[in-house]
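Just so you know, all these numbers are worked out from the coordinates, no wet-lab data involved. Please read these numbers as outputs of a predicted model, since none were measured by experiment. Cβ placement follows ideal geometry from the backbone for every residue including glycine, while neighbour counts extend to all protein chains displayed.
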Amino acid sequence: MSNNTRKIINRIWLHGFFITLSFVTLIPVLYALTISLSSSNSLLSSDFSFIPKNITLNNYALLFTEYPIIRWFSNSFILAISTLGLALGVSIPAAYAFSRRTFKGKQSVFKTLILLNAFPTILSMFALWRLMSTGPVSLINTKIGLVLIYAGTMAIFGIMNMKGYFDTIPIEIEEAARIDGGTEFQIVSKIVLPLAKPSIIVTGVMILIYVWNEYIFSITFMTGSENYTLAVGLYSLQAGEISGSWPLFTAAALFTSLPVLIIFLMVQRHMVSGLTVGGVKA
Amino acid sequence: MQKTKKMNHKGFSAVLISLPALLLIGLIIVFPILYTFYISFTNMNIYHWFTFELIGFENYRRVLFVLDSGFLRALWMTILWTVVNMSLQLVVAFIIASLLNHRHMKFNGFYKTLLMIPWAIPGYVSILLWRTGMFNTEFGLFNQWMRSLGFETVQWLSGDIIAFISVTVVNLWLALPFMIMIMDGALQSIDQSYYEAADLESANVLQKARLITVPLMKPVIAPAVVITIFTTFKQFDIIYLLIMQPAARTGANIHTILTYAYENAFITSNYGYSSAISIVIFMMLIGFTLGFNRQMRKGGIKHVEQH
């Protein structure tokens, strides 16, 4: 009896705690949502509440009529898809080779990759910028330049992450298929890749999210407004101390976040393993 | 004979299929690092864009041995930042994850999803929302609350100390979801029978945490903690976007080593000096990586031996 009462009391304060914590955590997001749905003149009113009095989609409509948000969106989308294709295209075969084959220098190349993975690309951003602007063809302000940078960065992550997963697939499966007379190509495409699908999907999602969330390279390299991505667009829309474009900014911010939020919550369960496995396997 | 031939063939094809990736990484990652290394020995800056010359170790001397150089101050700040943030993160995440796994807790999946949301929003978007929505002096939520409670408004991002606190709050907001998730997973991996045995010995909550939970969690969360130490040490976005944006400095003078390197490259155009900083940071990161890997391997072996 007393045990039961204690259980109920515990349950009440636990739920009280987590409801409060969730609400406090989400205040910045809820506040942005409220602002994006209210008209701009209610900003400084003293009787602010989290439920706007006059809900309006005006700020969202303005984004599409007055600002090139569709172009920003499609630029981000093109970058994300191209990076995904290039990064996965080069790193799946490399990860397979590093997991399954022995060749001269394999260990030292892989150790170098681990060290390179610790290098924040922002530290070589100036060198990259100078190389890309003074090379035979300027890659500044082009999508190709950014896709190369993003794919190069994510190829390291992709190789390490997927090699770790290939390592967990028993080699006996492949050997059995080889005895049955399967060609090398058949074995990889019909047996190994389907088995590695979970890892390939997590890696792919991580690449998409990385490109979508990247801003410092895009604001530095994309100088012409026709190439603005969502990140550069948002950066330019930023509200200053007294700027009135704050409601518009919140609308754009939430519009930018929505695709990532949806994908993220869909693969939430796999995120932790997707992020840690690659860093550990040395 | 035939076997070695086959091996060679396989080795050759393995090199061939990893070549595109290695070429791309060589071109985009390795070559710019080498070029940065070269620039670090020159006096390249805005006046010497084409006419720069080699000046030996002068930039490195300025980075490491000039005591009032900005770099050593930024390095000290970065270490302080990493220690403060990691301690807070570990303690807070441990408490929240433990409560999520309290035996009387039901429907914790719902709260977990809500608490993951800060992690799911693009980082730069959240930081910019915090900057205006929370910290803005005029219409930020914090000052609205201050006003309605009858207090003076505060400039959350302008003094060094208050800005450090504000930046830490944002970092916790962004980083806690990952740590909670990791600790939650680790807690679920602990066999409940340990606690039942402890209950028979009538151990209290603190004893259970100290003698069962923490030691058993350690090996499970270690890799994630190491990764987080690295990302905290390499923090750039929060400090840059909140207080160091070129056109909108807030007055606080907080630099991590990364924002300091960035500023010297892209704002004050000291390319040689900035490149020397980059190389010094890279050397430190290599040292940490090797050190942590060795530690990890040692820890792993110890753990296996115990069983």
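Hey, what does the equivalent ellipsoid look like for the protein assembly as shown, semi-axes from the Cα gyration tensor as sqrt of 5 times each eigenvalue, largest first, whole Å?
38, 35, 25
Cα convex hull of chain B: how many Å³ per residue?
244 Å³
Listed highest first by mean packing, meaning other Cβ atoms within 10 Å per residue, what order do B:147-160, A:79-92, B:215-228, B:20-33 come in?
The densest-packed peptide leads the list: A:79-92, B:20-33, B:215-228, B:147-160.
Radius of gyration and Dmax for chain A's Cα atoms, expressed in Å?
Cα only, chain A: 24.4, 82 Å (Rg, Dmax).
Run a plain Debye calculation on the range A:1-115 (Cα atoms as equal point scatterers, no solvent) and give log10 I(q)/I(0) at q = 0.11, 0.12, 0.19 Å⁻¹, rounded to two decimals, same order as the q list.
-0.80, -0.81, -1.07
Could you tell me what fraction of 2.2 N^0.38 Å the Cα radius of gyration of the range B:55-165 comes to, as a two-decimal ratio?
1.56
Among the listed pairs A:LYS111/B:LYS208; A:LYS163/B:LYS112; A:LYS163/B:LYS234; A:LYS111/B:LYS234, which are separated by more than 28 Å between their Cα atoms?
In this structure, A:LYS111/B:LYS208; A:LYS163/B:LYS112 lie more than 28 Å apart at Cα.
Which Cα, out of A:TRP72, A:ILE219, A:THR83, lies furthest along the positive dipole direction of the range A:66-280 (beta carbon charges, K/R +1, D/E -1)?
Most positive-ward Cα: A:THR83.
Highest first, please rank the peptides B:93-106, A:100-113 by the mean number of other Cβ atoms sitting within 10 Å of their residues.
B:93-106, A:100-113
Rounded to two decimals, what is Rg over Rh for the range B:90-218 when you use alpha-carbon atoms and the Kirkwood radius?
Rounded to two decimals, Rg over Rh is 1.12.
Given 10 °C and 1.306 mPa s, how large is the Stokes-Einstein diffusion coefficient of the range B:153-307 in µm²/s, with Rh as the Kirkwood radius over Cα pairs?
D, rounded to a whole number, is 83 µm²/s.
For B:LYS234, list long-range residues whose amide hydrogen, built 1.01 Å from N in the peptide plane, is under 5 Å from its own amide hydrogen.
Excluding prolines and chain starts, which carry no amide H, there are no hits.
Relative to the Cα centre, what is the charge dipole magnitude of the range A:66-280, using +1 at the beta carbon of each Lys and Arg, -1 at the beta carbon of each Asp and Glu, and rounding to the nearest 20 debye?
460 debye
Among B:189-196, B:254-261, B:230-237, how do they line up by average Cβ neighbours within 10 Å per residue, starting with the highest?
By packing density, highest mean first, the sequence is B:254-261, B:230-237, B:189-196.
Roughly how many debye, to the nearest 20, is the charge dipole of the protein assembly as shown about its Cα centre, given +1 on each Lys and Arg Cβ, -1 on each Asp and Glu Cβ, and no other charges?
1600 debye
Pull up all non-local amide H partners of B:THR256: gap of 5 or more, or a different chain, and H-to-H distance under 5 Å with H placed in the peptide plane.
none
For peptide A:147-155, how many partner chain Cβ atoms fall within 10 Å of a residue's Cβ, on average?
Neighbouring Cβ atoms belonging to other protein chains average 4 per residue here.
Can you list residues from other chains, or at least 5 along the same chain, whose modelled amide H is less than 5 Å from the amide H of B:THR42?
B:ILE55
For the range B:261-270, in order, what is each residue's ³J(HN,Hα) by Karplus, 6.51 cos²θ - 1.76 cosθ + 1.60 with θ = phi - 60°, in whole Hz (x at glycine and Pro)?
Whole-Hz 3J(HN,Hα) from phi for the range B:261-270: 4, 4, 4, 6, 8, 9, 9, 9, 6, 8.
With θ set to phi - 60°, apply the Karplus curve 6.51 cos²θ - 1.76 cosθ + 1.60 along the range B:122-134 and write out the HN-Hα couplings as whole Hz, x wherever there is a Gly or Pro.
In residue order, the calculated couplings are x, x, 5, 5, 4, 5, 5, 5, 4, 4, 8, x, 9 Hz.
Could you go through the range B:277-285 in sequence order and give the Karplus-derived ³J(HN,Hα) for each residue, using 6.51 cos²θ - 1.76 cosθ + 1.60 with θ = phi - 60°, rounded to whole Hz, and x for Gly and Pro?
Coupling constants for the range B:277-285: 4, 4, 5, 4, 4, 4, 4, 4, 5 Hz.
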